[in-house]
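Participant: Please see the structure below; I have some questions.
The values are calculated or read from the model by the stated rules, or taken from the named source; none is laboratory data. All values reported here derive from a predicted model rather than from experimental measurement. Backbone-built Cβ (ideal geometry, glycine too); neighbour counts: all protein chains shown. With ligands, DNA and RNA removed, areas are computed over all heavy atoms of the protein, side chains included. Shrake-Rupley method; radii C 1.70, N 1.55, O 1.52, S 1.80 Å.
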Amino acid sequence: MGARTKARRRAVDLLFEAESRRVNAGDLARERAQTPVTPAPLNEYTVAAVQGVVAHWSDIDDALTTYSQGWSLERMPDVDRAILRLGAWEILFNDEVPDGVAVSEAVALATELSTDESPKFVNGLLARIVEVKPTLV
């Protein structure tokens with residue numbers, strides 16, 4: 001597993017934890033970067049990704065809500081929301097990551113962490129966001 005893949009996984013973990021605990025994910029990432037709770041410190045990309053998601057939270061949620069036909073954000077599994085937010089941030093706001101890589105990595109995370117139906121859902125929703133990206137940014 002590559003460093004960027006591990007960083008994404010930890011970003012999803014932080015986004016999920018922050019939402020579960022009802023705390024700001026950016027604050028949680030900064031806290032964990034300063035005082036790690038695991039033997040390995042947070043990767044810089046993990047912190048940047050979480051802070052990027054937080055900085056664009058409402059735009060990301062608007063895009064996910066608009067294009068997730070028949071599914072409100074609240075109805076999605078919590079881990080899927082975290083994966084989708086990270087994937088949408090990489091697609092819409094991070095020029096370093098090719099769109100196809102962002103979608104593929106999100107699908108892999110959904111396969112590893114969520115329900116049997118989640119990879120297909122994540123793939124479809126993020127692929128739609130890639131299609132409409134020129135109208136969103």
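Participant: Might you report the magnitude of the Cβ-based charge dipole of the chain about its Cα centre, with Lys and Arg at +1 and Asp and Glu at -1, to the nearest 20 debye? Intermediate values should be presented prior to the final figure.
Facilitator: Details: 15 positive and 21 negative charges, 47 e Å.
My answer is approximately 220 debye.
Participant: Further question on the same structure: So, in Å, what gap is there between the alpha-carbon centers of the stretch 1-35 and the stretch 75-129?
Facilitator: 16 Å
Participant: For the chain, what is the mean residue ellipticity at 222 nm derived from helices alone (per DSSP H run of n ≥ 4: -39500 (n - 2.57); sum divided by total residues; nearest 500 deg cm²/dmol)? If you can, show how the numbers build up before the last one.
Facilitator: On the way: 7 runs with 102 residues, N = 137.
Roughly -24000 deg cm²/dmol at 222 nm, from the helical runs in the chain.
Participant: Which is farthest toward the positive dipole end of the stretch 1-62 among THR46, PHE16, GLY2, measuring Cα position about the Cα centre, with Cβ charges +1 (Lys, Arg) and -1 (Asp, Glu)?
Facilitator: Of the listed residues, the answer is GLY2.
Participant: Taking every pair of distinct Cα atoms and averaging 1/r, then inverting, what Kirkwood hydrodynamic radius in Å comes out for the chain?
Facilitator: On the way: mean 1/r = 0.0678 Å⁻¹.
Result for the chain stands at 14.8 Å.
Participant: While we're on this one: Please state the equivalent ellipsoid semi-axes for the stretch 34-84: what are the square roots of 5 times the Cα gyration tensor eigenvalues, largest first, in whole Å?
Facilitator: Values: eigenvalues 151, 34, 10 Å².
Square roots of five times the eigenvalues give 27, 13, 7 Å.
Participant: Taking GluC sites (Glu not before Pro) as candidate sites, keep only those in a DSSP loop with at most 14 other Cβ atoms within 10 Å, then name the longest stretch of the chain containing none of them.
Facilitator: On the way: sites that count: GLU96, GLU117.
Within the chain, the longest run free of exposed GluC sites (Glu not before Pro) spans 1-95.
Participant: Nothing charged except the Cβ atoms of Lys and Arg (+1) and of Asp and Glu (-1): what's the magnitude of the dipole of the stretch 66-111 about its Cα centre? Round to the nearest 20 debye.
Facilitator: On the way: 3 positive and 8 negative charges, 47 e Å.
I would put it at about 220 debye.
Participant: For the chain, what is the accessible area per residue in Å², given a 1.4 Å probe and the full set of protein chains?
Facilitator: On the way: 7250 Å² over 137 residues.
Value returned for the chain: 53 Å² of accessible area per residue.
Participant: Local charge sum around PRO39 (other residues, Cβ-Cβ under 14 Å, Lys/Arg +1, Asp/Glu -1)?
Facilitator: Details: positive: LYS6, ARG10, ARG32; negative: none.
For residues surrounding PRO39, the net value is +3.
Participant: In addition: Got a sec to turn the phi values of the stretch 83-91 into Karplus ³J(HN,Hα) couplings, 6.51 cos²θ - 1.76 cosθ + 1.60 with θ = phi - 60°, whole Hz, x for Gly and Pro?
Facilitator: These are the phi-based 3J(HN,Hα) values: 5, 5, 5, 5, x, 5, 4, 4, 5 Hz.
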